[in-house]
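Data block below; observations after.
The values are calculated or read from the model by the stated rules, or taken from the named source; none is laboratory data. Just so you know, these numbers come straight off a predicted model, no measurement behind them. Cβ sites come from the backbone with ideal geometry, for glycine too, and all protein chains shown count toward neighbours. These area figures cover heavy atoms from the full protein model, side chains too; ligands, DNA and RNA do not enter into them. Shrake-Rupley method; radii C 1.70, N 1.55, O 1.52, S 1.80 Å.
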Amino acid sequence: MFDIAVIGAGLLGSAALRHLTVSFPELRVCAIGPAEPKNRKMHQGVFASHYDQGRITRVLDPSPLWGRLARESIAEYAKIEAASGIVFHHRAGCLRATDLPERIVQMDACAEQLSSPHSRLDDAGCRAAHPYLRFSDSFVAWDEVGEAGYINPRQLAAAQLAAAQNNGAQVIREIVDAIRCEQGGVTIYTRKPPSVPGQGEAIRARKILLCAGGYSNTLLDRKLSLRTKGHTILLAEVPVGEVERLRAMPAVISAFAHKDVSSLYMLPPVPYPDGKTYIKLGFGDADALPLPEPYFNAVQDDRELLDWFHTDGRQDLAEALKEALHRMLPGLNALSYHSVPCLITHTAHGNPYIDALDAGRMYVATGGNGAAAKSSDAIGRLGAMLCATGEWRSQFNRAEFHAVYADGGSK
Ligand SMILES: Cc1cc2nc3c(=O)[nH]c(=O)nc-3n(C[C@H](O)[C@H](O)[C@H](O)COP(=O)(O)OP(=O)(O)OC[C@H]3O[C@@H](n4cnc5c(N)ncnc54)[C@H](O)[C@@H]3O)c2cc1C
């Protein structure tokens, strides 16, 4: 019997597992979750939101809470890299540009509060610092340097799991089909019999921490208020010459009211496993698009999301992203384009749910809201501490992470 089983070996689950091994070395802990499928279009099981090479990381954020989560997580990156021997952090910088008055106020407040190294630029200053980038004629940009840039989310999850395994944790590569809370613990039923010595047909744990991302509700009887939303990203292949020309390019996040400027995020050229280098981009506020991305129920089982992950995302959005890319990087020489689908899991209040669903047995850390990759270490840590101790041992306000149920209630 495990003391704690983390369900889901993605970004939050792998972080939680490592923190359990660091803070509670006496506990027997495991993470249960499948590895990335080799062939997306043939795969019949669960997918994840981190199967990619780049996620933007930075502290400055319109939300002070998300800024603090990022700051705490970023402070751990070097430790995780050293403990695992896996490099995932790239200090390319992050430029946030906006002409929205409310956003400017929020960003200025956050920049003052969290004091991450940055320059506040007007449009002329931005053009001087990043001459290859175009937005509109009037905007403000926060050019964050220091630790800002991007992380490789696949490598971050691998690093967290490797560090946890070095500390004695087990990683069980199975899909969980059901969990049953019983006297004295939880029984976890996997799709195939687990290859864990002495466990029989199911895995037993005293407690579980549910970190199954967009699939979390498929394992719960009483569903959480989670909106799982499709997200289309465009990958533009760039040749060596463009990689060289754009070598100082930061990650970019734009939010504009100006009708000819897009609100999106974009990474600098990043190498991918196919040997090519891509600039990746996606729309920021997909709900504001003329044809919004689809929402999914994702409450019964993983088959509800299969059709989406077998597509290449929305082709009309991919075309719009292509136009936006060339508006923001005029003169870009791209060799090819393709789009891929992803999934974003929104909570009712916009913060992750980190809570006890059945105190003493079942805990949850889920709901990345499209922003949790960079902050996954701190979110996973909060979930791990709550699950292991039953107590909230953190400066963060627990109420900001409470789980909301789909029926409108909390616990
Ligand atoms: C296109 C895109 C761009 C993004 N960009 C950024 C960014 O720039 N910066 C940023 O900070 N964040 C970004 N995010 C958000 C970030 O990737 C997510 O918030 C993060 O991956 C959430 O982590 P998670 O652990 O909750 O979910 P995941 O990483 O999806 O992990 C969940 C895990 O649960 C497992 N699982 C599911 N069901 C089961 C089951 N039944 N049994 C066992 N295991 C199961 C899955 O296999 C998966 O590994 C982006 C997201 C998307 C989609």
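Listed by first and then second residue, the pairs with beta-carbon distance under 6 Å, at least 6 apart or on different chains, first residue in the range 164-179 and touching a residue at least 40 places away in the same chain (Cβ under 8 Å), second assigned to a helix (DSSP H, G or I) and open to solvent by less than 60 Å² (accessible area, probe 1.4 Å), are Ala164/Leu17; Ala164/Arg18; Ala164/Thr21; Asn167/Thr21; Ala169/Leu17; Ala169/Thr21; Val171/Leu161; Ile179/Leu219.
Right, Asp61: open to solvent by 20 Å² or more (accessible area, probe 1.4 Å) and at pLDDT below 95 or not? Here the answer is no, as Asp61 does not meet what is asked. Looking only at the range 302-331, residues that are open to solvent by less than 30 Å² (accessible area, probe 1.4 Å), under 17 Å from Ser262 (Cα atoms) and outside any helix (DSSP H, G or I) come to 1 in all. Filtering the range 372-388 for residues that are within 22 Å of the chain's Cα centre (by Cα), assigned by TED's automatic domain parsing to the domain that holds Arg204, open to solvent by 50 Å² or more (accessible area, probe 1.4 Å) and away from the ligand (no atom under 11 Å from the Cβ) leaves a non-empty set. In the range 381-397, the condition of being in a helix (DSSP H, G or I), at pLDDT 95 or above and polar (S, T, N, Q) is met by at least one residue.
Taken over the range 222-242, the criterion of being more than 25 Å from the chain's Cα centre (by Cα) and more than 16 Å from Leu133 (Cβ to Cβ) is satisfied by Pro239, Val240, Gly241.
Within the range 213-244, restricting attention to residues that are within 16 Å of the ligand (Cβ to nearest atom) and small (Gly, Ala, Ser), which residue is farthest from Ala15 (Cα to Cα)?
Going residue by residue through the range 213-244, those that are within 16 Å of the ligand (Cβ to nearest atom) are 213-221, 223-236.
Imposing the further condition that a residue be small (Gly, Ala, Ser) reduces the set to 213-214, 216, 225, 230, 236.
Values: Gly213: 13, Gly214: 17, Ser216: 17, Ser225: 23, Gly230: 24, Ala236: 31 Å.
The extreme case among them is Ala236.
For Leu121, are the conditions met, namely being outside the structural domain of Lys38 (by TED's automatic domain parsing) and at pLDDT below 95? So Leu121 fails the test.
Residue-wise test of (1) modelled with pLDDT of 95 or more; (2) surrounded by fewer than 23 Cβ atoms within 10 Å (Cβ to Cβ); (3) farther than 21 Å from Ser49 by Cα; (4) not assigned by TED's automatic domain parsing to the domain that holds Arg103.
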| site | (1), (2), (3), (4) |
| --- | --- |
| Trp142 | yes, no, yes, no |
| Gln160 | yes, no, no, yes |
| Gln170 | yes, yes, yes, yes |
| Arg173 | yes, yes, no, yes |
| Glu201 | no, yes, yes, yes |
| Ala205 | yes, no, yes, yes |
| Gly214 | yes, no, no, yes |
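If the condition is being open to solvent by 20 Å² or more (accessible area, probe 1.4 Å) and not hydroxyl-bearing (Ser, Thr, Tyr), then the range 1-35 contributes Met1, Asp3, Leu11, Leu12, Val22, Phe24, Pro25, Glu26, Leu27, Arg28, Pro34, Ala35. The helices (runs of 4 or more DSSP H) found entirely in the range 2-102 that carry 2 or more residues being more than 18 Å from the chain's Cα centre (by Cα) and either in the same structural domain as Phe139 (by TED's automatic domain parsing) or more than 9 Å from the ligand (Cβ to nearest atom) (or both) are 11-23, 77-84. Does the range 344-352 contain at least one residue that is at pLDDT 95 or above, assigned to a helix (DSSP H, G or I) and within 16 Å of the ligand (Cβ to nearest atom)? Among the residues of the range 344-352, not one is at pLDDT 95 or above, assigned to a helix (DSSP H, G or I) and within 16 Å of the ligand (Cβ to nearest atom), which makes the answer no. For the structure I just gave you, tell me whether Tyr272 is within 22 Å of Arg55 (Cβ to Cβ), of a type in the set (Phe, Trp, Tyr) and surrounded by fewer than 21 Cβ atoms within 10 Å (Cβ to Cβ). Taking the combined requirement at face value, the residue satisfies it. Test Leu332 against the criterion of being assigned by TED's automatic domain parsing to the domain that holds Gly241, farther than 21 Å from Ala70 by Cα and at pLDDT 95 or above, and give yes or no. Yes; evaluated as a whole, the condition is true for this residue.
Condition test on Leu114, is it outside the structural domain of Asp377 (by TED's automatic domain parsing) and either touching a Leu at 6+ places or on another chain (Cβ under 6 Å) or open to solvent by less than 20 Å² (accessible area, probe 1.4 Å) (or both)? Against the criterion (outside the structural domain of Asp377 (by TED's automatic domain parsing) and either touching a Leu at 6+ places or on another chain (Cβ under 6 Å) or open to solvent by less than 20 Å² (accessible area, probe 1.4 Å) (or both)), Leu114 qualifies.
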